[in-house]
Amino acid sequence: MAVTKAIVAREPRFTALSWELEDVSVKEDPGDDEVFVEIIASGVCHTDIVLSSVPAGKFGIQYPKVMGHEGSGYARKVGKNVTSVQPGDPLLLSFSFCGACDQCDEGHPAYCHSFADENYVGRKGHVNSATAESHEGGEEEQEGEEIYSRFFGQSSFTRYSIVDKSSIVNVKDLLRDDEELSLFAPLGCGFQTGMGAIETIAKPGPQSVIVVLGLGSVGLAAVMTANLRNCKAIIGVDRSPSRIQLGKELGATHTIDTSPPELNLHKTICDLYPAGVSAVIDTTGSPRLIEDGLRSLRQRGKLVLIGVPPMQYELSVNVIDHINTGRTVIGCIEGDCIPGEAMSTMIQWYREGRFPIQKLITYFEADEFKQALAGLDDGSVVKAVLKWNNM
């Protein structure tokens, strides 16, 4: 067992996060379909926060556990069934999937039949809390309580982790230097979700008008991708002045500030485009914004749902109106992407200067994770990336 540091999530108190940096011991010998990875960096995603804010037992979620699902690092030991990786190879990490169900076979691994269990719940057997017992001659680390890991197949909020082979993308032929391994860490979830929402799901053309609700990392990735597709107009919606300004820099042709309480988003959008818009990408989970977005669609428009709303919320649809307009309401997990393909595409766009993710990222040392969370909460940070080199 390798003794190291990890951010351990324990059961929340009245939905408030309970994250602490703790000593843990990690199994060093990977299973046949696993890789022992030294984590270099890990992005902080809203999903990490959401899925450690729910009570134990809901959706099968248990505590304590190690979160983190936008990891990057180096392979150190490789299971015998893993053929795409050699020790020392640089890796980007994404979600886990079985590779054998009908959805995986059809090229939609984000809708794998085992997605929820393998990604949201994780497994025991790889990580324990590390406790020290005194004995003659010094202290010896002993195994403590079992901790759930393999969150999204990786649990990258730790210096060392056992990772499922399906979560791994080998990037030894794509990287130019070690710094890029930290820069590209968030590609495995947030950025690929926003990119795929446009590229794979909405598929807009030059005459399309796109609305992006929420200009965090997912929303801004959607803005950049819509800009790459030369859309007629891209409307960025947020309440943070700094994020609105960043949206303009990254391709938004119009912006709407939702902070005024009297704002009517539907009316504001329709004042700009009376016939309605081609697609609305929601990253907020706000029922009011979702409903205004749906009402703002033109005929055959698409509402793409990414943000997590309150658990009891149900979207009501007038079926006759829905039939007559031909509108689509579609959920979006991971942008419906195949991670290796999506990451390669985003890295190529980055090389061309058309997907400037460096403008969205703020780095923190891993033990500064609480500052990272505070920055995400107040909007001053778009994408926090934790570095594990010094842990």
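The values are calculated or read from the model by the stated rules, or taken from the named source; none is laboratory data. The shown structure was predicted, so the numbers you read here are calculated from the model rather than taken from an experiment. In this analysis, Cβ positions are derived from the backbone assuming ideal geometry, glycine residues included, and neighbour counts consider all displayed protein chains.
When G68, G31 are screened for being at positive phi and touching a strand residue (DSSP E or B) at 6+ places or on another chain (Cβ under 8 Å), only G68 passes.
Just for the range 235-273: of the residues that are of a type in the set (A, V, I, L, M, F, W, C) and farther than 16 Å from L360 by Cβ, which one is nearest to the chain's Cα centre (by Cα)?
Just the residues of the range 235-273 that are of a type in the set (A, V, I, L, M, F, W, C), to begin with: 235, 237, 244, 246, 250, 252, 256, 263, 265, 269-270, 272.
Restricting the remaining residues to those that are farther than 16 Å from L360 by Cβ gives 235, 237, 256, 263, 265, 269-270, 272.
Numbers: I235: 22, V237: 20, I256: 24, L263: 29, L265: 26, I269: 28, C270: 31, L272: 31 Å.
The residue in question is V237.
If you filter the range 339-379 down to residues that are in the same structural domain as V171 (by TED's automatic domain parsing) and of a type in the set (G, A, S), you find that the one that is surrounded by the most Cβ atoms within 10 Å (Cβ to Cβ) is A366.
Among the residues of the range 77-134, those identified as of a type in the set (A, V, I, L, M, F, W, C), closer than 28 Å to D178 by Cα and either over 20 Å from the mean Cα position of the chain (by Cα) or not assigned by TED's automatic domain parsing to the domain that holds V163 (or both) are V78, V82, V85, V127.
Whether any residue in the range 249-269 is under 19 Å from K383 (Cβ atoms) and surrounded by fewer than 16 Cβ atoms within 10 Å (Cβ to Cβ) is what I want to check. Looking through the range 249-269, at least one residue is under 19 Å from K383 (Cβ atoms) and surrounded by fewer than 16 Cβ atoms within 10 Å (Cβ to Cβ). Residue count for the range 364-391, restricted to those that are aromatic (F, W, Y) and more than 21 Å from S242 (Cα to Cα): 2.
Could you look through the range 56-77, keep only residues that are outside any loop (DSSP other than H, G, I, E, B) and in contact with a helix residue (DSSP H, G or I) (Cβ under 9 Å, 6 or more places away or on another chain), and pick out the one that is surrounded by the most Cβ atoms within 10 Å (Cβ to Cβ)? Write out each step before concluding.
Of all residues in the range 56-77, those outside any loop (DSSP other than H, G, I, E, B) come to 58-60, 65-66, 71-77.
Of the ones still in play, those that are also in contact with a helix residue (DSSP H, G or I) (Cβ under 9 Å, 6 or more places away or on another chain) are 59-60, 65-66, 71-74.
Working: F59: 12, G60: 11, K65: 26, V66: 27, G71: 32, S72: 29, G73: 28, Y74: 19.
Residue satisfying both the conditions and the ranking: G71.
Of the set (1) free of Cβ contacts under 8 Å to residues at least 24 places away in the same chain; (2) β-branched (V, I, T); (3) crowded, with 22+ Cβ neighbours inside 10 Å, all apply to V385 but (1). Sub-7 Å Cβ pairs linking a first residue in the range 100-121 that is closer than 18 Å to V66 by Cβ to a second residue that is modelled with pLDDT of 95 or more and not in a helix (DSSP H, G or I), at least 6 apart or interchain, are E118/S96; N119/F95; N119/S96, ordered by first then second residue.
Of all residues in the range 3-24, which are modelled with pLDDT under 95 and out of contact with any Ser or Thr (no Cβ under 7 Å at 6 or more places or on another chain)? Passing the criteria: R13, F14, A16, S18.
Evaluate the range 35-44: report whether one residue or more is of a type in the set (F, W, Y) and either touching a Pro at 6+ places or on another chain (Cβ under 8 Å) or outside the structural domain of F152 (by TED's automatic domain parsing) (or both). Yes, the range 35-44 contains a residue that is of a type in the set (F, W, Y) and either touching a Pro at 6+ places or on another chain (Cβ under 8 Å) or outside the structural domain of F152 (by TED's automatic domain parsing) (or both).
Inside the range 322-332, residues that are under 20 Å from F152 (Cβ atoms) and surrounded by fewer than 21 Cβ atoms within 10 Å (Cβ to Cβ) make up a count of 1.
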